[in-house]
Amino acid sequence: MSVPITLDGRHVADLVVHPRIDPATSERIAATFYRLNVWASLGGDLAALGQHRLAIAARAARAAASGGIGVSTEEEQQLAEWFTGIVDEAIRHGGPPAAAAIWFVLAGDSHADPFEVRPARCPMVAEVPPPPHGEPNEPGEPELAEPELAEPELAEPGELTPDPAEVAAFLARLRAAAAGYVHTAIACASDSDLLELRKIVCAGVDVLEDYRPWGPGFVEELLSSMSLDNARSLLTRRQLSNAEACRGFADWAHGFASVVAEHAIPPVFRIGAVAWLARVALRPEGDAP
């Protein structure tokens, strides 16, 4: 078979694969060359903006995708399947509202981008649209209705009635994105993150309580407050010595950097929080709290 190779939309060569190679191997070869072509095109675009852009992109890519070295392909797939099962369990117990809550957790794991407000870190999560809301029967607080409330005559006043097909499509895309999110989390995971993730997979109810929002795993002393208090007391004075100005300025920068770090939820903790929601917070319908 012959695989065309293009660069910047121009045909530059053909890769000829021996016909006795099995089709699956041929497809992998073609996919590899396609990915290399995409990277070459991206590198060309960034290099045209200056070599510093290329260096920044390489550093960002390495930081985002060089973790998880201690995880085999097989284990990574098992972890992705486990998390998909966790999402399924949450939806079984909590319905579409649980799916919407999980979407906010996964889509909220974002990074800075000059063209989007806060795009999702995971490319598969980024492709999942927001939960469907439908149209309200009467003015009221927007909520994601259950699928069985999709018929107008079954919906309560003020509830929204999304199209059942939209709800089904959203649930299917979220389920697929759950596996992708695990792959993304592993790609940027440190060794300690991997230990944490393996602990979550085997965790019982007592351990999952550590991942409850504002639970023991999230509540720590906010070190930023001390730096910001120091900065405020210094930088709001009418007159400052050079030493005080420098110290206050450094505390101001350090304090706000600490705020970002303290309030960020790492990917592995987001996975743990979803597991807590599915296995601790939500109960099968009809069970007493």
Going by average Cβ neighbours within 10 Å, how do the peptides 239-252, 71-84, 95-108 rank, with the highest at the top? 95-108, 71-84, 239-252
Within-9-Å neighbourhood charge of G108 [Cβ basis; K, R +1; D, E -1]: +1
The answer for the net charge of residues other than D206 whose Cβ lies under 13 angstrom from its Cβ, with Lys and Arg +1 and Asp and Glu -1, is +1
So, counting K/R as plus one and D/E as minus one, what does the shell of residues with Cβ under 11 Å around A185 add up to? -2
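Each value in this text was obtained by applying a stated rule to the coordinates, not by laboratory testing. From a predicted model like this one, the values you see are computed outputs, not experimental measurements. Counting neighbours? That spans all protein chains shown, and the Cβs are built from the backbone with ideal geometry, glycine included.
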